[in-house]
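Written below as structure tokens is the structure these notes are about.
Please treat every number below as a calculation from the coordinates, not as lab data. Predicted model only: the values in this text are computed from it and were never measured. Positions of Cβ are backbone-derived with ideal geometry, glycine not excepted, and every protein chain shown enters the neighbour counts.
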Amino acid sequence: MANKRKIIAEIQSPDEINFEYHVQVLIVGAGACGLTAALAANDNTNDILVLERDSILGGSTALSSGFVPAAQTKSQFSLGINDSAEIFSKDISNKAGKKQNKSLTSIVSVKCGEVLDWLGEKHGIEWQILDNFLYPGHSVHRMHAVPEKTGVGLINRLQTAVTDADIAVSTNSLVDTIFMSDDIVKGVRVQRPNNKHELISCDNLILACNGYGANNGLVRKHIPEMCDALYFGHAGNEGHAVLWGEQINANIIHLSGYQGHGSVATPHGILITWALMMAGGIQVNEQGMRFSNENQGYSEQSMHVLEQSNSIAWNVYDEKVHLLGKEFPDYQKAINSGAIKSAENATALAKLIGIDQKGFEKTLSLIEDFAMRKKVDKFGRQFKRNIAHNEKMFAIKVTGALFHTQGGLLVNDKAQVLKIDDTPFDNLFAGGGAACGVSGPDVSGYLSGNGLLTAFSLGGLAGWNASK
């Protein structure tokens with residue numbers, strides 16, 4: 001997982017601190033949440049500073065697919081898609097088994113669509129609807145993407161908007177200390193690469209520094225089932241928001257919640273789009289057998305894959321699905337890296353990838369029966385078509401991974417961090433992975449796109465309210 005250096009995340013008194021600079025809105029983290037917050041704050045003030053620990057912008061957003069779920073958007077309307085915040089909220093709740101925070105669900109299901117439309121209208125962020133298939137748990141097409149269909153493309157467009165708005169972003173700026181007095185944030189200490197520090201005071205502080213996936217100790221404590229799994233998130237997600245929150249008695253919930261993914265090409269380390277599974281692909285183990293309902297969700301599939309021999313599985317699919325995959329840049333990357341194997345038929349494919357041939361042929365025969373409604377899949381998946389034994393087939397060796405955590409600081413409808421008694425800290429805000437998400441306490445509660453959902457919705461809310 002992550003490095004084992006000592007993580008400094010302190011709360012200190014501002015007494016006898018001589019701050020060198022002052023800004024109205026200070027933002028920790030320059031991912032999708034932090035940049036959205038900066039753009040929102042810019043509606044009311046130009047006194048904004050974004051602090052980013054890395055030398056370049058990217059973070060968890062760049063590692064993600066870049067797909068954002070939102071309801072009642074202009075992009076949906078242009079395609080005649082009938083959606084609403086109420087339908088979206090119901091989908092979130094159903095996926096989380098109604099264990100998620102209900103108030104937060106209502107907030108983000110309304111706000112995310114408003115934020116995406118505002119980003120499009122004011123900052124020229126171009127959104128497209130992915131409407132070739134439905135992602136697990138979504139009842140309508142509401143997944144939005146920039147034309148590049150990648151997280152890198154998304155962060156690059158947000159960075160361009162921030163640059164065009166002349167908003168200051170300071171890289172190589174790791175915040176290790178927050179100064180507070182009587183529950184009011186007074187400023188922060190910034191650590192630079194040369195081991196020097198800067199002291200910056202602020203009127204309002206927004207935490208957009210994601211979760212704790214890169215913190216070995218916190219992962220082992222809160223999600224021990226993933227402590228030895230591949231971590232596919234950003235190395236900077238060390239849990240600063242949680243560690244600060246614990247010291248100020250903030251309301252922190254659902255720390256056992258997280259997003260996993262059951263389809264990371266190994267050893268190549270490339271995220272393979274779940275579109276393959278939703279369009280007809282399957283996952284089999286070394287015995288050539290399916291082991292779960294692949295359409296239920298890619299987050300919980302991480303655990304199913306990790307339970308197989310050597311913690312690996314094979315994505316298997318036909319040429320029609322292969323052609324769909326080629327529409328996604330990450331899949332093209334997998335092709336170029338040699339991660340994708342192909343053979344002229346099922347027998348040849350089983351031999352090529354080293355899985356049990358008889359088990360694989362039995363699996364394909366069962367799928368044919370499922371598609372023809374002769375039998376019912378014991379895992380509960382509905383198959384609309386089979387995978388032909390004698391036609392060209394493709395396979396990718398994958399493993400399960402931890403992407404990012406979903407628990408964190410509980411916030412209100414202004415994105416203000418809440419105390420244990422549910423009263424807000426007046427000038428402390430949080431969004432994205434620093435805040436609690438809407439997946440509830442379990443890996444199975446993660447609805448596709450929940451991470452960027454709270455990044456954009458809470459980022460927008462935090463920026464607008466912190467700048468007032």
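Based on DSSP H segments of at least four residues, each scored -39500 (n - 2.57), the chain has a per-residue ellipticity at 222 nm of -9500 deg cm²/dmol. The 3J(HN,Hα) values that the Karplus relation (6.51, -1.76, 1.60; θ = phi - 60°) gives for the stretch 213-224 are, in residue order, x, 8, 9, 3, x, 5, 4, 4, 6, 9, 9, x Hz. Gly and Pro appear as x. Candidates Gln283, Val108, Thr347 compared by Cα position along the dipole of the chain: farthest toward the positive end lies Thr347, with charges placed on Cβ.
As a length-normalised measure over Cα pairs under 8 Å and 6 or more apart, the relative contact order of the stretch 259-402 settles at 38 percent.
Peptides 113-120, 133-140, 430-437, 91-98 ranked from most to least packed by the mean count of surrounding Cβ atoms within 10 Å: 430-437, 113-120, 91-98, 133-140.
Given R0 = 22 Å, the distance between the Cβ atoms of Arg385 and Asp356 translates into a calculated FRET efficiency of 0.40. If you take the square roots of the eigenvalues of the alpha-carbon gyration tensor of the stretch 419-468 and sort them as a ≥ b ≥ c, do you get rounded (a/c under 1.5), prolate (a/b over b/c) or oblate? Oblate.
Can you figure out the FRET efficiency of Asn345 with His22, using R₀ = 56 Å and their beta-carbon distance, to the nearest 0.05? FRET efficiency, Asn345 to His22: 0.20. The distance from the alpha carbon centre of the stretch 47-79 to that of the stretch 196-234 is 19 Å, rounded to a whole number. Within the shell defined by Cβ-Cβ distances under 13 Å, the residues around Val417 carry a net charge of -4, with Lys and Arg each +1 and Asp and Glu each -1. Between amide H atoms placed 1.01 Å from N, distances below 5 Å from His22 occur with Ser201, all of them 5 or more places distant or on a separate chain. If I take all pairs of Cα atoms in the stretch 35-100, what percentage of them are more than 20 Å from each other? Roughly 59 percent, once rounded to a whole number. Within the straight-line cut-off of under 15 Å between alpha carbons, the aspartates and glutamates reachable from Lys196 are Glu20, Asp176, sequence neighbours fewer than 8 places apart in one chain being disregarded. Around Gly187, which amide H atoms from residues at least 5 apart in sequence, or from another chain, sit under 5 Å from its own amide H, with H modelled in the peptide plane? Amide H to amide H, under 5 Å and 5 or more residues apart or across chains, Gly187 pairs with Phe179, Cys202. From most to least packed by mean Cβ count within 10 Å, the peptides 56-66, 338-348 give 56-66, 338-348. Give me the net charge for the shell around Arg157: Cβ to Cβ below 9 angstrom, other residues only, Lys and Arg +1, Asp and Glu -1. Here the charged neighbours net out to -2. What are the ³J(HN,Hα) values, in whole Hz, obtained from phi via the Karplus relation 6.51 cos²θ - 1.76 cosθ + 1.60 with θ = phi - 60°, for each residue of the stretch 398-409 in sequence order, with x given for Gly and Pro? Result, ordered by residue: 10, 10, x, 8, 8, 9, 7, 8, 10, x, x, 6 Hz.
Label the stretch 259-402 by shape, choosing from rounded, prolate and oblate, from the square roots a ≥ b ≥ c of the eigenvalues of the Cα gyration tensor; if a/c is under 1.5 it is rounded, and otherwise prolate applies when a/b is larger than b/c, oblate when it is not. Rounded shape, in that the Cα axes give a/c under 1.5. Each of (1) 145; (2) 170; (3) 133 is a candidate for volume of the Cα convex hull per residue in Å³; the one calculated from this structure is (3).
Under unit Cβ charges (Lys, Arg +1; Asp, Glu -1), what dipole magnitude, rounded to 20 debye, does the chain have relative to its Cα centre? Value, rounded to 20: 1540 debye. Each of Asp182, Asp426 has some number of other Cβ atoms within 10 Å of its Cβ, and from fewest to most they run Asp182, Asp426. Couplings for the stretch 113-120, taken from phi via the Karplus curve 6.51 cos²θ - 1.76 cosθ + 1.60 with θ = phi - 60°, read x, 5, 5, 5, 5, 5, 4, x Hz in order; Gly and Pro are left as x. Ranked by how many other Cβ atoms sit within 10 Å of their own Cβ, fewest first, the residues Arg220, Arg142 fall in the order Arg220, Arg142.
Size estimate for the stretch 335-468 follows the Kirkwood approach: the inverse of mean 1/r over distinct Cα pairs works out to 19.1 Å.
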